[in-house]
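These notes are about the structure you will find just below.
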Amino acid sequence: MKRGARSVVQCNWIAKTGALFVFLLLLSCSVRAEQQTPDTAKTSVWITPSGKKYHKENCPTLKNSGNTVKSVGLEDALRRGLEPCSVCNPPVYSGGVDLYRLNNPPLRSAKDAQLSRMIPARVTAVVDGDTMKLRIPNPRPIQLKETETVRFLGIDAPETSTSPRPKGYYGEEAKAFVSKLVADKDIFLAFDWDLRDKYGRLLAYIYLPDGTCVNLMLVEQGYAFAYVHFPFQFMDEFTKAQAAAKQQRRGLWAR
């Protein structure tokens, strides 16, 4: 075989070998990804009745809690909004659409959130100034249902006439403002440490298509209080916004 022909054969062999290596590498990555994504219907994790996390069976946190422990499916734990234990590192679901949490990595301001990473939804009803119902289309994170009742994170609006609790000053105005802003419209959802409250309602930051954080806007305009009884990522920012609204006598601070 002539030298030139031999070089061509060697180049062809190298090209075929390289292509085969790339194929095997991609196949290995695919298999590894499948192995890391457990079958949520068959995978069991362990929880306590009042806990907010799920665990492996032998997690020391469970042994030290003294509470009743029971086994549930990973899918069930996720749909309840439970988080994986940071001590025992139980299995996690890494498939599908991710929840966008603004506390991880922590953002300094609600205005810094990335709209492209949020979950789109359609508002179907406004309950009051800090609660609404919505529909979340597919594809959606496994933790979320198609229809959800959402409680706005970080705020507390006055009660309305339809609330089981006494009506609060400026409650109807807050509901009307939120209705005009989002009723029957598309919005975006972002999340924080806790996914749900004790009533099972979804806890979320609500964003308009232009990137405006509705939660923060309601505090800034005096339609809601900063809710500081439980920690959330933007507590300092919301507290400062409330102080400014109060100083400028906006909304519920006008009287």
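In whole angstrom, how far apart do the alpha carbon centroids of the range 170-195 and the range 209-250 sit?
Using only Cα atoms to place each centre, the spacing works out to 13 Å.
Say each of SER161 and ASP186 gets a label point 7 Å from the Cα, pointing the same way as Cα to Cβ; how far apart are those two points in nm?
3.5 nm
At 1.4 Å probe radius, can you tell me the per residue accessible area of the range 127-172 in Å²? Mind dumping the intermediate values first?
Working: 2160 Å² over 46 residues.
With the other protein chains kept in place, the range 127-172 gives 47 Å² per residue.
Grab the Cα-Cα distance for THR239 and LEU208, subtract it from 0.36 nm times how many residues apart they are, and report the gain in nm with one decimal. Mind dumping the intermediate values first?
Details: separation 31, 0.36 × 31 = 11.16 nm, distance 2.14 nm.
Full extension of this stretch gives 9.0 nm more.
For the range 125-202, which whole-number percentage of the solvent-accessible area (1.4 Å probe, protein heavy atoms only) is attributable to carbon and sulfur atoms? Show your work: numbers first, answer last.
Numbers: 1930 of 3760 Å².
On the range 125-202, the fraction of accessible area on carbon and sulfur atoms equals 51 percent.
Going Cα to Cα from LYS42, which lysines come in below 17 Å? Please leave out same-chain ones fewer than 8 positions away.
LYS56, LYS70
Considering only C-alpha atoms, what is the centroid distance from the range 46-73 to the range 121-140, in Å?
The range 46-73 and the range 121-140 have Cα centres spaced 32 Å from each other.
Show the residues, 5+ positions off or on another chain, whose built amide H is closer than 5 Å to the amide H of LEU203.
Amide H neighbours of LEU203: ARG151, ARG196, ASP197.
Setting aside same-chain residues fewer than 8 positions from LYS185, which lysines have a Cα under 19 Å from its Cα?
The qualifying lysines are LYS133, LYS145, LYS175.
Starting from the 7 Å offset along Cα-to-Cβ, what nm value, one decimal, do you get for the label separation of VAL97 and GLN247?
So the two model labels end up 4.0 nm from each other.
From the phi of every residue in the range 99-111, what ³J(HN,Hα) in whole Hz does the Karplus formula 6.51 cos²θ - 1.76 cosθ + 1.60 yield, where θ is phi - 60° and glycine or proline is x?
Residue by residue, the range 99-111 yields 6, 9, 9, 7, 9, 8, x, x, 8, 7, 9, 4, 6 Hz.
Compute the Cα gyration tensor for the range 51-154, then decide on rounded, prolate or oblate, letting a ≥ b ≥ c be the square roots of its eigenvalues: rounded whenever a/c is under 1.5, prolate when a/b is larger than b/c in the other cases, and oblate in all that remain. Could the numbers behind the result be given before it?
Details: a/c = 1.95, a/b = 1.72, b/c = 1.14.
The shape class here is prolate.
If we sort 189-200, 148-159 on the protection proxy, mean other Cβ atoms within 10 Å, highest first, what's the order?
Working: 189-200: 17.2, 148-159: 22.9.
Taking the mean over residues of other Cβ atoms within 10 Å, the ranking is 148-159, 189-200.
The values are calculated or read from the model by the stated rules, or taken from the named source; none is laboratory data. If you're wondering where the values come from, they're calculated on a predicted model, not measured in any experiment. Reconstructed Cβ throughout: ideal geometry from the backbone, glycine too, with neighbour counts over all protein chains shown. Note: accessible area is taken over every heavy atom of the protein model, side chains too, but ligands, DNA and RNA are not part of it. Shrake-Rupley method; radii C 1.70, N 1.55, O 1.52, S 1.80 Å.
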